[in-house]
Amino acid sequence: MIDFSVHNTSDQSIRPISRRGLLIGASGLLAGGLLTGCGIVPEVNTPLNLYSVSPKVADVTNPPSLDWQLVVAEPKAGADLATNRIALSRAANRIEYFAEGVWSDAAPALVQSKLIEAFEDVVPQLAVGRDSAGLKPDYILQSELRDFQAAYSGSSGEAVVRITAKLVKMPERKIVKSIAAEARQPSAGGGLPGIVAAFEAALGDVFNQLIAGVLAAPQS
C-alpha cells in the first residue's frame, strides 16, 4: 500500500491520511506514469521501515510440574489494531498511525509469535505451540489485544499494551484462569525508534504477567 501522508523528519510524520492527500497522491501517480511513458523515470517513493520487537522476560524459578501442552491462540483485536500500522493516540477516541514505519507483521500475529518465544525461553520444559499447527493441547491461552498504541500528551509519548487472557482447559473448554495484563512505558528517545523501544519494554512487562498467571493456574 502506498502511503500518501506527508513525511516530516522533525516530528516523525505523526499524521493521518486525508482524502485530499489520497487525491493528491493519485494525481502524482498518474503524472508519474505519463512521465515514464515519455522516457523520464519518476522519483521513487521512500520505502517504509519495518519494525519488530524482542521483549525481555524474567526467568522463571521453581516452575510447577508441566506435563501438559499449551497452545497460544492469536489474540483478537479491533480493526484499529488488527493491522501492521503502528497506532498512536493524541486525543480521546481517535486513532492515527505513524507514516514512516510499520510492524513486521499485523499486531495480533506479532504478539502471538513473541509470546510463544517468551514461553519457550523462560519455561523450556513447557510444550507450547500455536493454534494453526493442528496440535491437540491440554490448555489454550485465548486473549484479546485491548491496547497496543503509543499515547501522546503534548510532545511526550508512551507505549500502552493491554491484554486480557483466559486459560481454557481442553477438551472441556472450561476457563480455569482469567488474566489481565497491562503496562505503560515512556519513550526514552524521540521519534518512532524510541516508541518502538518503549513497545518492546511494555510488551516484556505484559508477558511476565501472562506467564506468571498461566503457571499459577490450577492444574486438574
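Throughout, read-outs are computed from the coordinates displayed, never taken from laboratory work. Please read these numbers as outputs of a predicted model, since none were measured by experiment. Cβ: placed from backbone, ideal geometry, glycine included. Neighbour counts: every protein chain shown.
Taking R0 as 35 Å, what FRET efficiency do you get between Lys174 and Arg94 from their Cβ-Cβ distance, rounded to the nearest 0.05?
With R0 = 35 Å, the Cβ-Cβ based efficiency is 0.35.
Taking the alpha-carbon centroid of each part, what is the distance from the stretch 187-213 to the stretch 55-127 in angstrom?
10
In the neighborhood of Ala73, defined by Cβ-to-Cβ distances under 11 Å, what is the net charge if each Lys or Arg adds +1 and each Asp or Glu adds -1?
Around Ala73, the surrounding residues sum to 0.
Once the mean 1/r over all distinct Cα pairs of the stretch 49-215 is inverted, what Kirkwood radius in angstroms do you read off?
16.4
Between Asp121 and Ser156, what is 0.36 nm times their sequence separation minus the Cα-Cα distance? Round to one decimal in nm.
Full extension of this stretch gives 9.3 nm more.
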